[in-house]
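Below is one structure, written out as structure tokens; the observations come after it.
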Amino acid sequence: MADFTKISEALIKGDAKTVKELTEQAVAEGIAPGEIIQQGLIAGMSVIAERFKKNEIYVPEVLIAARAMHAGLGVLKPLLTESETEAAEVFLIGTVKGDLHDIGKNLVAMMMEGAGFRVVDLGVDVPPEKFVEAIREHKPSIVGLSALLTTTMVAMKDTLEAIKASEFKDKVKVMVGGAPVTQNYADEIGADGYAPDASTAVDVAKKLIGAA
Ligand code: B1M
């Protein structure tokens, strides 16, 4: 019988090797990949998210835990059935045009993945039209925009306007974040959500899709 707690504990410790081995063991025991993800990997990542939020751990620990999560996901992804993959809500994320900072954006992406979203990461310096094209292709529930420069915050407004001018107006939720971004700015440009950090971003995303 698979011990999901052991998978979670290994993930929390950032022990990628053990996570991979325990995940392989659970698969060999015939446990459904979706169940291993939910009860082993996501359960562990939720603990990491909580500790990060309370400043009990910092960015390096989160990155190490995320690496362990990916070791488990690497075993499971090829085994997920199409329906299991498609069932997950899609979270599309990118750093806006003109901005090359991606460390915070990557953390948000990892936390979202850890919370069960299927993440599509467009990378950095993403122009508004590329966001719209990607919405057309991946049909996300939520689009996340990250910006680290005061000079690129305006690209968030441009991206929101491009989305609102497209056929996806009212069909996707848009959330924003990044060091210079505030709730006031999010309200001013008409974003649906704002989060000051990666774990709060998960809470906000869940609220936006009505899952929290
Ligand atoms: Co840049 N940089 N940088 N930089 N850089 C800052 C942001 C800066 C504050 C440094 C400073 O002057 N004190 C300053 C901005 C000033 C301003 O606009 N107010 C600055 C500058 C000026 C620049 C350049 C213009 C420097 C130059 O070339 N003259 C240049 C711009 C390049 C460009 O983007 N076009 C530049 C370049 C770079 C590097 C390439 C060298 C490198 C980036 C490497 C990379 O990302 N791969 C870099 C770095 C590392 C920084 C600092 C030091 C660290 C940023 C970081 O990764 N923080 C930064 C100073 C600082 O913040 N102390 C600085 C850690 C990360 C985990 O936090 O990104 O805030 P953060 O993400 C958090 C939250 O903000 C939130 O969750 C994350 C995790 O909790 N969050 C979201 C982020 N996105 C979110 C999205 C959400 C929700 C939450 O929903 C969708």
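FYI, it's all coordinate maths here, none of it is from the lab. None of these values were measured; they are calculated from a predicted model. Cβ placement follows ideal geometry from the backbone for every residue including glycine, while neighbour counts extend to all protein chains displayed.
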**Item:** Per-q log10 I(q)/I(0), region 104-168, q = 0.21, 0.22 Å⁻¹ (Debye; single scatterer per alpha-carbon; no solvent)
**Value:** -0.92, -1.00
**Fill in**
If the chain between Asp192 and Lys54 were fully extended at 0.36 nm per residue, the gain over the current Cα-Cα distance would be 47.2 nm
**Asked** Which residues does a label at Ala88 reach in region 59-78, if reach means a backbone N under 20 Å from a point 7 Å past the Cα toward the Cβ?
**Response** 62-78
**Complete:** The ³J(HN,Hα) series, computed from each phi in region 54-69 with the Karplus coefficients 6.51, -1.76 and 1.60 at θ = phi - 60°, rounded to the nearest Hz and given as x for glycine or proline, is 8, 6, 7, 9, 10, 3, x, 5, 5, 5, 5, 5, 5, 5, 5, 4
**Complete:** re region 88-208: pairs of Cα atoms spaced beyond 23 Å account for a percent value of 16 percent
**Complete:** When the charge dipole of region 88-208 is computed with +1 on Lys and Arg Cβ and -1 on Asp and Glu Cβ about the Cα centre, the Cα farthest towards its positive end, among Thr182, Val120, Thr150, belongs to Val120
**Request:** Loop only per DSSP, at most 15 neighbouring Cβ atoms within 10 Å: give me the GluC sites (Glu not before Pro) in region 1-81, ordered by residue number.
**Result:** Glu29, Glu56
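Answer rounded, prolate or oblate for region 40-119, using the Cα gyration tensor with square roots of eigenvalues a ≥ b ≥ c: rounded when a/c is under 1.5, else prolate when a/b is larger than b/c, else oblate.
oblate
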**Message:** Using Cα springs under 10 Å in a Gaussian network model of the chain, which residue among Ser199, Ser166, Ser146 shows the largest mean-square fluctuation?
**Reply:** Ser166
**Message:** With +1 on the Cβ of every Lys and Arg and -1 on the Cβ of every Asp and Glu, and nothing else charged, how large is the dipole of region 88-208 about its Cα centre, in debye rounded to the nearest 20?
**Reply:** 240 debye
**Request:** Send over the per residue convex hull volume for the chain, Cα only, as a whole number of Å³.
**Result:** 112 Å³
**Asked** With charges set only on the Cβ (+1 for Lys and Arg, -1 for Asp and Glu), what does the dipole of the chain come to about its Cα centre, in debye to the nearest 20?
**Response** 200 debye
**Prompt:** For region 16-67, what is the convex hull volume of the alpha-carbon atoms per residue, in Å³?
**Reply:** 63 Å³
**Request:** Find which of Pro60, Ile42, Leu79 sits farthest along the positive direction of the dipole of region 4-84, computed with +1 on the beta-carbon of Lys and Arg, -1 on that of Asp and Glu, about the Cα centre.
**Result:** Pro60
**Dipole-positive endmost among Ile31, Ile93, Ile7 within the chain (Cβ charges, Cα centre)** = Ile93
